[in-house]
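Peer 1: Right, I'll just put the structure down here and ask away after.
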Amino acid sequence: MSVQPRRIRLKPWLLAQVNSGRYPGLQWLSSEHRLFQIPWKHATRHTPASDEENTIFKAWAVETGKYQEGVDEPEPAKWKANLRCALNKSREFQLKYDGTKETPLQPYKIYEVCEQGRNTDGAEDEDDDEMPNLMDLTITSTPPGPALMEASSMGDVQNHQPCKYDLLSSVPLTDLDLKFQYRGRTTGSLTVSNPQGCRLYYGHLEPTPEQVDLFGPVTLQQVLFPGTSDVQNQKQMFYTEALLDVMDRGLILEIWEQDIYAVRLCQCKVFWSGPGMPEHGPPNPLEREKKIKVFSLNDFLQGLILFQRGETQNPPPFEIYFCFGEDWPDKKPKEKKLIIVQVVPVVARILTEMFSGELSWSIDSIRLQISNPDVKDQTVEQFKELQRLLQSQHIQGPWTPNVP
């Protein structure tokens, strides 16, 4: 058994390790010692065991009592997750760039050291590096509203130097927020950060390279539906379990060129609604094993630009709803359905929040015209337009991380 876990102050310990030069790739990137890089190589079964031995992740596990050499079984993936959770929860570090979300992958992350903790009451921060249970975890990452951005910009005026509010620069374009609702009650939520997408399923069967036709690619994040232990109504529990029992193969949400495609593999019928679909139209089923585009980033960006110009009254919708085992949409509200999964592209949610505030758009901005654009050209063109809008307000967008 491991020794009793103990609470360690992350900031002084981690900065001492950066200064030590003991771990290859763990180094300062700025002369004022505010930005540092952590190697974040994805381990595979072919990774030599020696590569997992001399790492900052193992050192943190040993320091916090989560791992005892010669006693505990080495768990490099768990060590990495523990340090990641500690950094995410700490108010004294801020993620500036995550190369593991890039294509092609860049095996490192860059963090900024905050001179003062981001809490406002002056209390000492305590780091909790326990690994979260994804099905119990509710992601409440709030996008920067106008008031928060205004408050952040006052730091220099007051001669304080807090960490800059730079949430957008650390949000990949492919992140998805998922929320599971059983008859209107949220039973689980999480953020999927896998750039390939995810598979929603129920049961004990996971994909293997030999079973791609049955369960989809092994590169997808595997997301398990919540069980029915919290369902109080016996009739609701009976029918919900009947649906879950035929979801072994699951529903795939695949990301391709920042668009989202759905593929129904499971025996349970799946219906959906989303951007571009009639709000009160007839039931809209997913044909089994057919790839259907359910979200277009280009269409969303174009709609957002039109809204910012004042050519439309409302920002473009971006929420996608999947209803399992019952007709949808129909005349019944979502709260009456046995199983609803809401899917939200994170970048769309954040951009909508930003541009729904009192941000002005410059009518003098010029849109570049490119003849015969392909899909990628169209995406780049929309980003150029949004970048001009953001720069007019001195806001950095999520697609240009501030890396020296």
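Peer 1: Using a Förster distance of 30 angstrom, determine the FRET efficiency expected from the C-beta separation of Gln232 and Cys85, and round it to 0.05.
Peer 2: Numbers: r = 32 Å, r/R0 = 1.07.
That pair, Gln232 with Cys85, gives E of 0.40.
Peer 1: Report the gain in length on full extension from Ser193 to Lys376: 0.36 nm times residue separation, minus Cα-Cα distance, nm rounded to one decimal. Numbers along the way, then the final one.
Peer 2: Details: separation 183, 0.36 × 183 = 65.88 nm, distance 2.14 nm.
Full extension of this stretch gives 63.7 nm more.
Peer 1: Same structure, new question: Of Lys58/Lys384; Lys290/Lys337; Lys66/Lys96; Lys80/Lys179; Lys66/Lys109; Lys290/Lys336, which pairs sit farther than 32 Å apart, going by alpha carbon to alpha carbon? Could you put the intermediate results ahead of the total?
Peer 2: On the way: Lys58/Lys384 42 Å; Lys290/Lys337 24 Å; Lys66/Lys96 27 Å; Lys80/Lys179 26 Å; Lys66/Lys109 23 Å; Lys290/Lys336 27 Å.
Correct reply: Lys58/Lys384.
Peer 1: Would you mind giving the average projected area, over all directions, of the Cα convex hull of region 172-355 in nm² with one decimal? Write down the numbers at each step before the final one.
Peer 2: On the way: hull surface 42.8 nm².
Its average projected convex-hull area is 10.7 nm².
Peer 1: May I ask you to list the trypsin sites (Lys or Arg not before Pro) in region 300-355 that are in a DSSP loop and have at most 12 other Cβ atoms within 10 Å of their Cβ? Before the final figure, lay out the partial values.
Peer 2: Numbers: sites: Arg309, Lys331, Lys334, Lys336, Lys337, Arg349; in loops: Lys331, Lys337.
When the trypsin sites (Lys or Arg not before Pro) of region 300-355 are filtered for loop state and at most 12 Cβ neighbours within 10 Å, Lys331 remain.
Peer 1: Among Val192, Asn284, Leu178, whose Cα lies farthest out toward the positive end of the dipole of region 172-355, if unit charges sit on the beta carbon of Lys, Arg (+1) and Asp, Glu (-1)?
Peer 2: Of Val192, Asn284, Leu178, it is Asn284.
Peer 1: Can you compute the FRET efficiency between Thr219 and Glu32 using 1/(1 + (r/R0)^6), with r the Cβ-Cβ distance and R0 = 41 Å? Round to the nearest 0.05. Let's see the in-between values first.
Peer 2: Numbers: r = 39 Å, r/R0 = 0.96.
About 0.55, to the nearest 0.05.
Peer 1: Taking R0 as 30 Å, what FRET efficiency do you get between Gln391 and Lys293 from their Cβ-Cβ distance, rounded to the nearest 0.05?
Peer 2: Working: r = 30 Å, r/R0 = 1.02.
Calculated value: 0.50.
Every number here is computed from the coordinates shown, using simple stated rules; none is lab data. Worth saying up front: this structure is predicted, and the values here are computed from it rather than measured. Reconstructed Cβ throughout: ideal geometry from the backbone, glycine too, with neighbour counts over all protein chains shown.
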